[in-house]
Every structure is written in C-alpha cells, then in structure tokens.
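The next block holds one structure in the form of structure tokens; read it before the comments.
The values are calculated or read from the model by the stated rules, or taken from the named source; none is laboratory data. These numbers come from a predicted model, not from an experiment. Counting neighbours? That spans all protein chains shown, and the Cβs are built from the backbone with ideal geometry, glycine included.
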Ligand code: IDP
Ligand code: MG
C-alpha cells in the first residue's frame, strides 16, 4: 500500500477549498493517515522544493507556499502516488482536464491548489520532511474490503 504527501496549498485554504479537496481524495477511496495545519517557513519550503532551486519561478514559489497556512497530509491506498496525481490534474491548471482538482478550480500555474508527491521515492522523502513517525496513524478501516 502506497503513501503520498499531499499539501493543500495557501490558495486553496484562502479560497475555502480545503474540504472539497480532502473530500475528493477520500471519496476516491484513499485513507487519511496524517494531517495537520501549519505555516511553512522559508527553510522547509526550500527543502521541499529543492529540486526546483535555480529555476525562474523558484523564489515566487517559496514566497507563495510560505504566504499563508497550508494543510499537510498523508494519503494511503493502492497506487496512491499515481492516483493522487491523476486526481490533481497536470501542473498548469489551464491545461488540466475538467474533473480534476486543478482543472475544476484553477487557472494559473502559480496557484494550483494542491501538491502531491510525484514518485514513491519522493513521497518517502517528503513525508519525512513534514511528519514524524508518531504523527502517522496506522489504523484499520472496515470499508477497505470494499475498496481494494
Ligand atoms: P507539480 O506540483 O505538478 O508536481 P512541479 O513541476 O513539481 O509541479 O512544480 C512545483 C510547483 O512549482 C508547481 O505546483 C507550481 O506551483 C510551481 N511551478 C511549476 N512550474 C512553474 C512555472 O513555469 N511557473 C510558475 N510556477 C511554476
Ligand atoms: Mg512536483
């Protein structure tokens, strides 16, 4: 069973879309195993987006992600990394299909509402950045026998 880091970004919190985003992932069948609200500081933002350091949009991205609180979460399920990426839509909301979170609620690449890990390897690294082992709940859901 895979785990992926999901961040509900500042624009989604400000626009009151956190519930909608969580709802879509939950309804897909994914299980929430960790969740907290926090305001990212510059250091955490730079570590989380280290792969983008040096790119033209890097400073704006760090400013944006630290501009207001976010919800950090871990969703678990079969093929969770890919399933979450599909549910999110592509990076640029203007190119995301309707029916995806970014395609239904976004217009601009700098305000694309949600982060989801792009590989199992990055999921594991990102989860460690945001959560300690004690903050992750390993629990059984009876409905899972109807989902996977
Ligand atoms: P992802 O969030 O779909 O995985 P990444 O390529 O990992 O996309 O980029 C991280 C974040 O950086 C994006 O979600 C978006 O907010 C921002 N970003 C990526 N490319 C651009 C760009 O060309 N201009 C402005 N912001 C960008
Ligand atoms: Mg990414």
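The set of residues from the range 100-123 being assigned to a strand (DSSP E or B) and near ligand 2 (Cβ under 10 Å from one of its atoms) comprises 115, 116. When the range 57-68 is limited to residues that are in contact with a helix residue (DSSP H, G or I) (Cβ under 6 Å, 6 or more places away or on another chain) and under 19 Å from residue 5 (Cα atoms), the one that is surrounded by the fewest Cβ atoms within 10 Å (Cβ to Cβ) turns out to be 68.
Being within 15 Å of ligand 1 (Cβ to nearest atom), outside any helix (DSSP H, G or I) and touching a helix residue (DSSP H, G or I) at 6+ places or on another chain (Cβ under 8 Å), is that true of even one residue in the range 125-137? Taking every residue of the range 125-137 in turn, none turns out to be within 15 Å of ligand 1 (Cβ to nearest atom), outside any helix (DSSP H, G or I) and touching a helix residue (DSSP H, G or I) at 6+ places or on another chain (Cβ under 8 Å). Among the residues of the range 7-18, those that are more than 12 Å from the chain's Cα centre (by Cα) and either closer than 12 Å to residue 114 by Cα or not in a helix (DSSP H, G or I) (or both) comprise 11, 13, 15, 16, 17.
Every listed requirement among (1) surrounded by 14 or more Cβ atoms within 10 Å (Cβ to Cβ); (2) within 13 Å of ligand 1 (Cβ to nearest atom); (3) closer than 18 Å to residue 10 by Cα is met by residue 107 save one, (1). Cβ-Cβ below 7 Å, separation at least six or inter-chain, first residue in the range 128-147 and surrounded by 11 or more Cβ atoms within 10 Å (Cβ to Cβ), second assigned to a loop (DSSP other than H, G, I, E, B) and at pLDDT below 95: which pairs? No pair meets every condition. Cβ-Cβ distances below 8 Å connect the following pairs, each with a first residue in the range 90-113 that is over 24 Å from residue 27 (Cβ atoms), a second residue that is more than 11 Å from ligand 1 (Cβ to nearest atom) and assigned to a loop (DSSP other than H, G, I, E, B), and a separation of six or more residues or different chains: 94/107.
Consider the range 94-104 and keep the residues that are surrounded by 14 or more Cβ atoms within 10 Å (Cβ to Cβ) and in contact with a helix residue (DSSP H, G or I) (Cβ under 7 Å, 6 or more places away or on another chain). The one that is nearest to residue 35 (Cα to Cα) is 101.
To keep it simple, each residue is scored yes or no on (1) assigned to a loop (DSSP other than H, G, I, E, B); (2) touching a residue at least 12 places away in the same chain (Cβ under 8 Å); (3) more than 13 Å from the chain's Cα centre (by Cα); (4) away from ligand 2 (no atom under 16 Å from the Cβ).
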| site | (1), (2), (3), (4) |
| --- | --- |
| 5 | no, yes, no, no |
| 22 | no, yes, no, yes |
| 25 | no, yes, no, yes |
| 32 | no, yes, no, yes |
| 60 | no, yes, yes, no |
| 64 | no, yes, yes, no |
| 81 | no, yes, no, no |
| 87 | no, yes, no, no |
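Looking across the range 45-58, the residues that are within 21 Å of residue 122 (Cβ to Cβ) and over 15 Å from the mean Cα position of the chain (by Cα) come down to 46, 47, 50, 51, 52, 53, 54, 55, 57, 58. Scanning the range 117-148 for residues that are touching a strand residue (DSSP E or B) at 6+ places or on another chain (Cβ under 7 Å) and under 18 Å from residue 37 (Cβ atoms) yields 126, 127, 130, 131, 135, 136, 137.
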